[in-house]
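Below you'll find the structure I mean.
The values are calculated or read from the model by the stated rules, or taken from the named source; none is laboratory data. For clarity, every value in this text was computed on a predicted model and none was experimentally measured. Here the Cβ positions follow ideal geometry from the backbone for every residue, glycine too, while neighbour counts run over all protein chains shown. Heads up: the accessible areas ignore ligands, DNA and RNA and are worked out on the full protein's heavy atoms, side chains in. Shrake-Rupley method; radii C 1.70, N 1.55, O 1.52, S 1.80 Å.
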Amino acid sequence: MKRTIIRIISMLMLLGTFYIIFSFSAQDGIESGSLSNKVTTIFVNHFPYTKNLSIETQNKLIEHGEPIVRKLAHFSIYTVVGMCIMAFLCTFPFKLRTRLGLSLLVGLIYAISDEFHQSFVPRTRTFLERCGNRYSRSIFGNTHYLGNCIYLYCTQKR
């Protein structure tokens, strides 16, 4: 019963994350950049070390910080994807190698489907470049979750 509840929750979290990514993927380059710019502007205007800087310096920080914010957002959301996939697969009695392989495969298939979806959006990068970036982030999420699982398993054995 407990395993079934965890399975359902992790699948709902995974599907919710997929939906969020597909929603953001529907934005064109300008709209996506605008969102990153807004987040960077809020951060620069409220962070104690940057809020009292001159407007010119703040604008430079925003300009240079926007790509960093965008990459961190992509990295974070695909890390969540990897963690949700592994959480779901940990509810099945598969060997660790099988879980990791399935998780990487699902991450790759999702990255390809997301990139296919985004290929219809104007002003975005090439399909293979985006696909490789997203897949590598999913791998990070899988290994992060796997490391946590191994740690918890080892501490429970004692």
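Mind checking which lysines have their Cα closer than 22 Å to the Cα of LYS60? Skip sequence neighbours fewer than 8 apart in that chain.
Partners found: LYS38, LYS51, LYS71.
Round to the nearest 10 and report in Å² the accessible area of PHE120, as given by a 1.4 Å probe over the protein chains' heavy atoms.
Roll a 1.4 Å probe over it and PHE120 shows about 150 Å².
Measuring from label point to label point, each 7 Å out along Cα→Cβ, what is the GLU56 to SER119 span in nm?
4.6
Let me ask another. Using θ = phi - 60° and the Karplus relation 6.51 cos²θ - 1.76 cosθ + 1.60, list the HN-Hα couplings for the stretch 10-24 in order, rounded to whole Hz, with x at every Gly or Pro.
So the Karplus estimates, Gly and Pro as x, are 5, 5, 5, 5, 5, 5, x, 5, 4, 4, 4, 5, 4, 5, 5 Hz.
Can you list residues whose amide H is under 5 Å from LEU53's amide H, if they're 5+ apart or on another chain and H is modeled 1.01 Å from N?
none
If I model a spin label as a point 7 Å beyond the Cα along the Cα-Cβ vector, how far apart are those points for HIS46 and ARG97 in nm?
In this crude spin-label approximation the distance works out to 4.8 nm.
Sticking with this one: With no solvent and one equal point scatterer placed on each C-alpha of the stretch 1-79, evaluate the Debye formula and give log10 I(q)/I(0) for q = 0.16, 0.20, 0.23, 0.26 Å⁻¹, two decimals.
-0.70, -0.88, -1.03, -1.16
May I ask you to give the percent of accessible area on the stretch 6-114 that is carbon plus sulfur, with a probe radius of 1.4 Å?
Here carbon and sulfur together make up 73 percent of the probe-accessible area.
How far apart, in nm, are the 7 Å Cα→Cβ label points at ALA73 and TYR19?
A separation of 1.9 nm, rounded to one decimal place.
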